[in-house]
Amino acid sequence: MTEMKEATNSVTDTECVLGNGETSPGEETSGKRKLRSWLNRFLRIKMTDGRVLTGAFLCTDRDANVILGSCEEFLSEDHTEARALGLVMVPGRHIVSIHLDAWCNENEKAA
């Protein structure tokens, strides 16, 4: 407990202490702002094996793994038949590209 008190005493006004004792800058980077703007929006992720996943962006981590909710899988970009997967963790090493899925996001706004 004394270690935590010592850690908080050395923190400046522009930093905050996280639960694990690490500090983070008070200002968000542009990358963090972009990721935050994508929360709950539908993404289209192309994977190394050719599959395409669409789903709501829920979170990511330092290894670029992505969690998608309400996810559907397409065997390729040409396939129109989707397989419902639900909640999915996509390993970052298998991601080729990520795009906002404009079609899903437009339909969500219209509803």
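Values in this text are rule-based calculations from the coordinates and carry no lab data. Predicted model only: the values in this text are computed from it and were never measured. Please note: Cβ atoms are built from the backbone with ideal geometry, for glycine as well, and neighbour counts cover all protein chains shown.
Exposure proxy for Arg33, Arg51: other Cβ atoms within 10 Å of each Cβ, ordered fewest to most, give Arg33, Arg51.
Between Arg83 and Ala64, the simple label model (points 7 Å from Cα in the Cβ direction) yields a spacing of 2.5 nm.
Quote the Stokes-Einstein diffusion coefficient, in whole µm² s⁻¹, for the range 45-98, based on the Kirkwood radius over alpha carbon pairs, a temperature of 37 °C and a viscosity of 0.692 mPa s.
Values: Rh = 11.0 Å.
Answer, rounded: 297 µm²/s.
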